[in-house]
Amino acid sequence: MKPINVGLIGYGFMGRAHSNAFRKVNNFFDLDYQPVLKAVCARDGGKAKAFAERWGYQSVETDWRELIKRDDIDLIDICSPNNTHAEIARAAAKAGKMILCEKPLSMDGPEGEEMVAAVAKAKVPNMVWYNYRRIPAVTLAKKLIDEGHLGRIFHYRAKFLQDWTISPELPQGGQGLWRLDVKAAGSGVTGDLLAHCIDTAIWLNGSVDKVTAMTETFIKERTHTLTGKVQKVGIDDACAFLARFKNGSLATFESTRYARGHKALYTFEINGEHASIFWDLHDLHRLQYFDHRDEGQTRGWRSIHVTDGDHPYMKNWWVPGLAIGYEHSFVHQVADFFEGLSKKKPASPTFRDALETQYICDAVLKSGKTGQWEKVSRLK
Ligand code: SOE
């Protein structure tokens, strides 16, 4: 196995999810490559050191520029807030590093285009961590659609509901709360949660032509953690939009952080001429499937427990019937990235693929302001 020296930037929730994946991947997948946890980088040296000790990183940096300069780093993994992705990715590409970037790719489409151009010019492998594609039940949905089980698709319906920002006392900005600060996040639920729904949707159902959206910011002002001042909130707290896919199907998407009782309720349903599919993150190892062609008396929704050896990724884990969870989607993503290197067939979504999601988010946010249908841009 060829070692790939990883330099991780950021040590939050995603820093942990990725580190866990790097550590586990070779235990469960036969690959030509092996990630080595070389360095973790964060501005707070003490916290970075504690993270390095806990996860087994060999060294610590406090300036990402120094990390990128290092000859012993092959791959940069960007887990820092959204407003840092572009600058880091451009520098890492220039230095010839492979790049993994947390979602969303960028603050907006034009910034994403620069990132796509940078990795294309440098010819460096790249991928964005839209991890839900690699939950076996979601991957199975893709397989069933591609094999034609659903037939023509009429409807796509997605939701991502949370309830963690309802309190007006919650500040914006700083560690853990930068997602509420528009300068760091770029947008609210659109770039954070709907971006996931959009990525899955375009993967399963193809490109989106146009959208019409409504957005709302329920709490207009919050104290900023870094300045201590009460400041205007610039993110969308909730967003719902309609979309028309290129294949003629109609879609509804909804996301909010104000749905009391829901923590991470990501669901999607797809209705085709022969069959329908439903998936729910809270029950992530199951895929609900209804096939109109089933024999009449026993026709009905089946709940497929996606844990058998012939289900996507599952032969690499336990024996049939035993479920895996959220963190495994990241392990699968690392495995696919390395397989892509071996086969010289990049694992998706590459930066180029993820730019499409960015364009859709831009059109959604624009429509939220104009109240009009907006066309989705395409890379020229
Ligand atoms: C937000 O709460 C969040 O952690 C997102 O940032 C993740 O991308 C999503 O998978 C779960 O929710």
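The values are calculated or read from the model by the stated rules, or taken from the named source; none is laboratory data. Note that the coordinates shown come from a computational prediction; the quantities given were computed from them, not determined experimentally. Glycine gets a Cβ as well: all are built from the backbone with ideal geometry, and neighbour counts include every protein chain shown.
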query = Pick from the stretch 155-185 the residues that are assigned to a strand (DSSP E or B) and touching an Asp or Glu at 6+ places or on another chain (Cβ under 7 Å): which of them is farthest from residue 198 (Cα to Cα)?
reply = 172
request  = Look through 192, 181 and report the one residue that is within 10 Å of the ligand (Cβ to nearest atom), among the charged types (D, E, K, R) and either more than 15 Å from the chain's Cα centre (by Cα) or crowded, with 19+ Cβ neighbours inside 10 Å (or both).
outcome  = 192
remark   = Residue pairs within 6 Å by beta carbon, gap of at least six or interchain, first lying in the stretch 233-259 and in the same structural domain as residue 217 (by TED's automatic domain parsing) and free of Cβ contacts under 8 Å to residues at least 60 places away in the same chain, second part of a strand (DSSP E or B) and within 16 Å of the ligand (Cβ to nearest atom), listed first then second, are 238/256; 240/254
note = Considering the stretch 126-155, residues that are in contact with a Lys or Arg (Cβ under 7 Å, 6 or more places away or on another chain) and farther than 21 Å from residue 304 by Cα, and then whichever is farthest from the ligand (Cβ to nearest atom), we arrive at 128
task = With respect to residue 202, determine if the residue is assigned by TED's automatic domain parsing to the domain that holds residue 155, part of a helix (DSSP H, G or I) and more than 16 Å from the ligand (Cβ to nearest atom).
result = yes
request  = Go through the stretch 159-178 and count every residue that is within 12 Å of the ligand (Cβ to nearest atom), at pLDDT 95 or above and out of contact with any strand residue (DSSP E or B) (no Cβ under 6 Å at 6 or more places or on another chain).
outcome  = 6
Qualifying position, being aliphatic (A, V, I, L, M), in contact with a His (Cβ under 9 Å, 6 or more places away or on another chain) and surrounded by 13 or more Cβ atoms within 10 Å (Cβ to Cβ), among 323, 354 = 323
query = What's the number of the condition residue 39 fails, among (1) in contact with an Asp or Glu (Cβ under 6 Å, 6 or more places away or on another chain); (2) hydrophobic (A, V, I, L, M, F, W, C); (3) closer than 28 Å to residue 196 by Cβ?
reply = (3)
task = Mind counting the residues in the stretch 37-61 that are farther than 18 Å from residue 175 by Cβ and either modelled with pLDDT under 95 or among the basic types (Lys, Arg) (or both)?
result = 1
task = Six or more apart or on different chains, Cβ under 8 Å: which pairs go from a residue in the stretch 350-376 that's assigned by TED's automatic domain parsing to the domain that holds residue 198 to one that's in a loop (DSSP other than H, G, I, E, B) and aromatic (Phe, Trp, Tyr)? Could you list them?
result = 354/130; 357/130; 367/373
query = Within the set of pairs 6+ apart or on separate chains, which have a first residue in the stretch 170-194 that is under 20 Å from residue 86 (Cα atoms), a second that is away from the ligand (no atom under 13 Å from the Cβ) and part of a helix (DSSP H, G or I), and C-beta atoms under 6 Å apart?
reply = 184/83; 187/365; 190/361; 190/364; 190/365; 191/361
